[in-house]
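Notes follow the structure.
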Amino acid sequence: MLLALLGAGCSSMKATVDINAPPDAVWDVVSDLEHYHCWNPFFVRASGTLRAGNELDLTMQPVGKGAQRFSPEVLELEAGRRIVWRGRLLMPGLFDGRHVFTVERRGATASRFTQEESFGGIFVPFVGFEPYRAGWERMNRALKVRAEALAASRPTLRPAPPRRAP
């Protein structure tokens, strides 16, 4: 009832990038939290273990704003494909975000990476989301560069030529 009286809001964002690298290369970059500081302009620091129920320690850098540290809980992990976490401000109902990273196969050597988040809580109407959306776009472009470089550096496995009979 209190939330209804205060005008609880709900909003969502989504950012997608196509990457010329197989899903395993994209996943290797996205799931390596300890190296986010090397390439990620949005989540500039990350630590923790990607396992359902675990808490992560993340620092994000929205475009034009100060760094913000938070500790979301991993809700789901589907290795190689999907990470879901929930962050919240102080307590449920004030400002909650459910963030999803998804890696999809888009052919033999291509992938699509999507991050999306749904927000809820009484503070949602007062948040300007554009600095975060711009940060996601920067992150997606940096992920594309990093995953494509990783894929290019990996040896390709080619089938052995057929053997000739003696």
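What follows is calculated from the coordinates using simple rules that are stated; it is not laboratory data. None of the values given here were measured: they were computed from a predicted structure. Positions of Cβ are generated from backbone atoms using ideal geometry, with glycine treated the same way; all protein chains shown enter the neighbour counts.
Sorted on the mean count of surrounding Cβ atoms within 10 Å across their residues, most packed first, peptides 137-143, 64-70 read 137-143, 64-70. Computed over the chain, the per-residue total of -39500 (n - 2.57) for DSSP H runs of n ≥ 4 gives a 222 nm mean residue ellipticity of -7500 deg cm²/dmol, rounded to 500. Taking springs between alpha-carbon atoms closer than 10 angstrom, which of 30, 84, 145 fluctuates most in the Gaussian network model of the chain? Looking only at 30, 84, 145, the biggest GNM fluctuation is shown by 145. The residues neighbouring residue 140, those whose beta-carbon lies less than 12 Å from its own, together hold a net charge of +4 under the Lys/Arg +1, Asp/Glu -1 convention.
Relative contact order, percent, of the chain when contacts are C-alpha pairs under 8 Å separated by at least 6 residues? Across the chain, relative contact order equals 31 percent. Among the listed options (1) 59, 40, 31; (2) 50, 42, 31; (3) 85, 30, 26, the one matching Cα extents along the principal axes in Å as calculated from these coordinates is (3). The order of the peptides 73-80, 99-106 by mean Cβ neighbours within 10 Å, most packed first, is 99-106, 73-80.
If packing is taken as the average count of other Cβ atoms within 10 Å, what order do 115-124, 47-56, 88-97, 20-29 fall into, highest mean first?
Ranked by mean Cβ neighbours within 10 Å, highest first: 20-29, 115-124, 88-97, 47-56.
Which percentage, to the nearest 5, of the DSSP beta bridges contained in the chain is antiparallel? Within the chain, antiparallel bridges account for around 100 percent of the total. Relative to the longest principal axis of the C-alpha atoms of the chain, give the angle of the C-alpha long axis of helix 130-153, reported between 0 and 90° and rounded to the nearest 10°. That works out to roughly 10 degrees.
Per the Cα gyration tensor, segment 20-84 maps to an equivalent ellipsoid with semi-axes of 20, 16, 9 Å, ordered largest to smallest.
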